[in-house]
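Structure, as structure tokens:
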Amino acid sequence: MVGNWKFNVFFGLVALVFTLLFSLPNNTWQTTIFRGSIGFFIFYILAYLVRTIFFLIISRKTKQVIASEIEHENEAADPLREDEESNDFTFENQFESIPLHALHKEEKTNNL
């Protein structure tokens, strides 16, 4: 997955610090710590969800890129094959058998 648990902890700590800074002047220290820990857990879970969504988006794009690269490589490796839908000109349809004697010129000797 994109990132690791440190990413989640970082965002949780940022939420904890901001909650402590803004809540301490107006509340007791016990209430401030309680609200800060709630902010930490909420932001930890939100960071996890954001990471998961980014992972899904990136993995989907990666699969599409890999599929297009494979398709491009297949087209480059077999230039005679067109799209599967048309089947007008494929390698199998292009082959025509030629009799062996047609490959060699027949030498005619004139015995006069």
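Worth a mention:
- On full extension, the segment bounded by residue 9 and residue 34 gains 7.3 nm, given 0.36 nm per residue less the C-alpha separation.
- Computed E for residue 59/residue 17 - FRET, C-beta separation, R0 22 angstrom, nearest 0.05: 0.10
- Spin-label pair residue 100/residue 45, simplified geometry with 7 Å Cα→Cβ offset, distance in nm: 8.0 nm
- Charges were assigned to the Cβ only: +1 to each Lys and Arg, -1 to each Asp and Glu. The resulting dipole of the stretch 1-75 about its Cα centre is roughly 460 debye.
Each value in this text was obtained by applying a stated rule to the coordinates, not by laboratory testing. Quick caveat: nothing in here was measured; it's all calculated off a predicted structure. Glycine gets a Cβ as well: all are built from the backbone with ideal geometry, and neighbour counts include every protein chain shown.
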